[in-house]
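Since the structure comes first, as structure tokens, the remarks are kept for the end.
The values are calculated or read from the model by the stated rules, or taken from the named source; none is laboratory data. Keep in mind the model is a prediction, meaning the values are calculated, not measured. Cβ sites come from the backbone with ideal geometry, for glycine too, and all protein chains shown count toward neighbours. All accessible areas refer to the heavy atoms of the entire protein, side chains included, with ligands and DNA or RNA removed. Shrake-Rupley method; radii C 1.70, N 1.55, O 1.52, S 1.80 Å.
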Amino acid sequence: ADQTLIHNAWTTIHFNSEVWDTNTLHSTIASTQLLTANTAGKYLVWGNFNIGALTGGTQFAVVLYKNGATFAYQNYPASGSQYVSITGIADMAVGDSVYVDIYVSGSADVPLAYTHSMSPNLWMARIG
């Protein structure tokens with residue numbers, strides 16, 4: 001569903017639907033911001049987001065967290081509405097979780113638009 005990014009603040013992104021989930025990594029009912037590893041290993045984590053235009057803003061920032069600690073950060077200059085993405089690799093134990101926050105600067109809140117299968121989108125795949 002559409003969400004609102006609060007200006008000059010970090011917003012944790014929630015996911016109330018799934019395209020597919022082959023290992024029960026995500027719940028659409030509780031803790032909808034989290035992807036949780038059920039198998040230990042190295043994971044590729046990726047997110048894609050359709051962010052609306054800033055009003056008087058200068059930047060977007062996207063952060064991936066593992067168990068509350070930053071493991072990937074990407075900063076984008078503001079240039080109207082845009083898709084932004086972030087990618088990181090994390091060593092995950094069983095029960096470790098990842099989530100994403102987005103920061104927008106500006107003088108007004110910004111929409112994070114829902115686009116089926118494209119935004120907001122967060123996934124992780126075990127690669128080792």
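The combined condition, being open to solvent by less than 30 Å² (accessible area, probe 1.4 Å) and either in contact (Cβ under 8 Å) with a residue 24 or more places away in the chain or farther than 16 Å from Gln33 by Cβ (or both), is not fulfilled by Ile89. Candidates are the residues of segment 92-103 that are open to solvent by 30 Å² or more (accessible area, probe 1.4 Å) and in contact with a strand residue (DSSP E or B) (Cβ under 6 Å, 6 or more places away or on another chain); the one that is nearest to Phe15 (Cα to Cα) is Tyr99.
Only one entry in Tyr76, Tyr65 is open to solvent by less than 40 Å² (accessible area, probe 1.4 Å), among the hydroxyl-bearing types (Ser, Thr, Tyr) and out of contact with any His (no Cβ under 7 Å at 6 or more places or on another chain), namely Tyr65.
Against the test of being open to solvent by less than 30 Å² (accessible area, probe 1.4 Å), among the hydrophobic types (A, V, I, L, M, F, W, C), touching a His at 6+ places or on another chain (Cβ under 8 Å) and modelled with pLDDT under 90, the options Phe15, Phe60 yield a single qualifying residue, Phe15. Within segment 40-54, can one find any residue that is open to solvent by 60 Å² or more (accessible area, probe 1.4 Å), of a type in the set (A, V, I, L, M, F, W, C), at negative phi and in contact (Cβ under 8 Å) with a residue 40 or more places away in the chain? Yes - at least one qualifying residue is present in segment 40-54.
Among the residues of segment 30-39, the ones that are over 22 Å from Pro111 (Cβ atoms) and open to solvent by 20 Å² or more (accessible area, probe 1.4 Å) come to 6 in all. Of all residues in segment 77-93, those satisfying the criterion of being at pLDDT 85 or above and either under 18 Å from Ser119 (Cα atoms) or under 11 Å from the mean Cα position of the chain (by Cα) (or both) are Val84, Ser85, Ile86, Thr87, Gly88. Tally up the residues in segment 6-26 that are part of a loop (DSSP other than H, G, I, E, B), among the β-branched types (Val, Ile, Thr) and touching a residue at least 24 places away in the same chain (Cβ under 8 Å), please. Number satisfying all stated conditions: 3.
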